[in-house]
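For reference, the structure discussed in these notes is given below.
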Amino acid sequence: MSKKTKYTLLSLIIVFAVYGYEHFLKVEEQAEVVGDGKEVKNNTNEYFLPTSTTGQIVHHEGYSLSYSEPHEQAEWVAYELKKSDLSNSNFKRPYFEIDAAVKTGAANWRNYKNSGYDRGHLCPAADRKYSQAAHDETFLTSNITPQEHAFNSGIWNTLEQKVRYWANKYDGVFVVTGGVLSGNMKTIGDESVAVPNQFYKVLIDINSGKVKMIAFLMPHENVSKPLYEFVVSVDSIEKLTGIDFFSQLEDTLENKLEASSSYKEWSFK
DNA sequence: CTGTGAGAC
DNA sequence: GTCTCACAG
């Protein structure tokens, strides 16, 4: 074998070694990280993810979230509720699970045990009924916040049902929701999970003609008022939370829509 | 729909 | 921990 042939073979070996590393070992790495909450999944519209004030955004198959470690809950949960997501299937409620994708450690469900508060879903289980997996995923503790039962099963539940009504009527909506994590809050459990004094929900519809938004801010109590009494501007939620919503929109449009607290484009049937 | 809790294994 | 059943807003 000539010297030149040896060098050629050696070169080929190196090239294939590098190629093999890049294209096989790394592919294996990628396969392993699926499900670790780092990738935007099918049912999350990345385009409308809000900003994170905490630096810890986690993606699941059916929703994304920004986790606030000091409050042991998400500052927001965001997901697209497609018309086709709506389903009548009746899945059995699974057990709540600690979200392993939250690297700082998501809250243990035991914090809620005998606390007097519900484990309240941010992304409702009923919004993810298109599959058992998507439904069960909403029972991760990163999607849970302490809520009074009267509030959760009352006005908040009414609002969640209205969102599903709109998702059907307007061919899907994009939803961002969470508790307002500021001010003096009660805490529950060993990990001191904060009990928000207010909850918000922000919606955008881009599928039924003119782009429209609506935002709700509710005190953490089961007030018996019509839903539209809780409508506020998106700007006011941003001011309260420090979160920037829908920044992907063209500025002029964003500014106009977020300043408005009008709900005339939304049907409250 | 939204949930909690007790009791058996 | 898992599973079923009863119960409540």
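The values are calculated or read from the model by the stated rules, or taken from the named source; none is laboratory data. None of these values were measured; they are calculated from a predicted model. Note that we place each Cβ from the backbone using ideal geometry, even for glycine, and neighbour counts take in every protein chain shown. All accessible areas refer to the heavy atoms of the entire protein, side chains included, with ligands and DNA or RNA removed. Shrake-Rupley method; radii C 1.70, N 1.55, O 1.52, S 1.80 Å.
Once the Cα gyration tensor of the stretch A:42-259 is diagonalised, what are the square roots of 5 times its eigenvalues, in whole Å and ordered largest first, as equivalent ellipsoid semi-axes?
Details: eigenvalues 120, 78, 62 Å².
Output for the stretch A:42-259: semi-axes of 24, 20, 18 Å.
Once you divide the Cα radius of gyration of the stretch A:167-269 by 2.2 N^0.38 Å, the number left is 1.17.
Couplings 3J(HN,Hα) of the stretch A:207-213, computed from phi: 10, 10, x, 4, 5, 9, 10 Hz, in residue order, whole Hz [Karplus 6.51 cos²θ - 1.76 cosθ + 1.60, θ = phi - 60°; x for Gly and Pro].
What net charge is computed for the residues neighbouring A:Ser233, neighbours being all others with C-beta under 10 Å from the C-beta of A:Ser233, Lys and Arg scored +1, Asp and Glu -1?
On the way: positive: A:Lys239; negative: A:Asp235, A:Glu238, A:Glu258.
Result for the local shell: -2.
Give A:Lys162/A:Lys186; A:Lys83/A:Lys113; A:Lys82/A:Lys186; A:Lys162/A:Lys256; A:Lys92/A:Lys210; A:Lys169/A:Lys256 a once-over and call out the pairs whose C-alpha atoms are over 31 Å from each other. Where the Cα-Cα span goes over 31 Å, the pairs concerned are A:Lys83/A:Lys113; A:Lys82/A:Lys186; A:Lys92/A:Lys210.
Calculate, for the stretch A:168-269, the solvent-accessible area per residue in square angstrom, rolling a 1.4 angstrom probe over the heavy atoms of the protein chains. Kindly include the intermediate steps, with their values, before the conclusion.
Values: 4880 Å² over 102 residues.
Ligands and nucleic acids excluded, the figure is 48 Å² per residue.
Based on C-alpha pairs under 8 angstrom that are at least 6 apart in sequence, the stretch A:77-204 has a relative contact order of 32 percent. With a simple spin-label model that places each label point 7 Å from the Cα along the Cα-to-Cβ direction, the separation between A:Ser153 and A:Asn88 comes to 2.5 nm. Per-residue HN-Hα couplings for the stretch A:166-174, Karplus 6.51 cos²θ - 1.76 cosθ + 1.60 at θ = phi - 60°, whole Hz, x for Gly and Pro? Here the 3J(HN,Hα) series is 5, 4, 6, 6, 10, 6, x, 9, 9 Hz.
If you take all other residues with their beta carbon under 13 Å from the beta carbon of A:Ala150, and give Lys and Arg +1 and Asp and Glu -1, the sum is -3. Okay, which of the stretch A:175-201 sit inside 14 Å, backbone N to the point 7 Å along the Cα-Cβ direction of A:Arg110? Flagged as within label range: A:189-192. Among the GluC sites (Glu not before Pro) in the stretch A:221-269, those placed in a DSSP loop whose Cβ has at most 14 other Cβ atoms within 10 Å are A:Glu221, A:Glu250.
Close amide H pairs (under 5 Å, H built 1.01 Å from N) link A:Lys186 with A:Val195, residues at least 5 positions away or on another chain. Under a 5 Å amide H cut-off, with hydrogens placed 1.01 Å from N, A:Ala74 pairs with A:Ser68, A:Ile144 among residues at least 5 apart or on other chains. Rounded to the nearest whole Hz, the Karplus-based 3J(HN,Hα) values (6.51 cos²θ - 1.76 cosθ + 1.60, θ = phi - 60°) of the stretch A:262-269 follow the sequence 7, 10, 5, 7, 10, 7, 9, 2, with x at glycine and proline.
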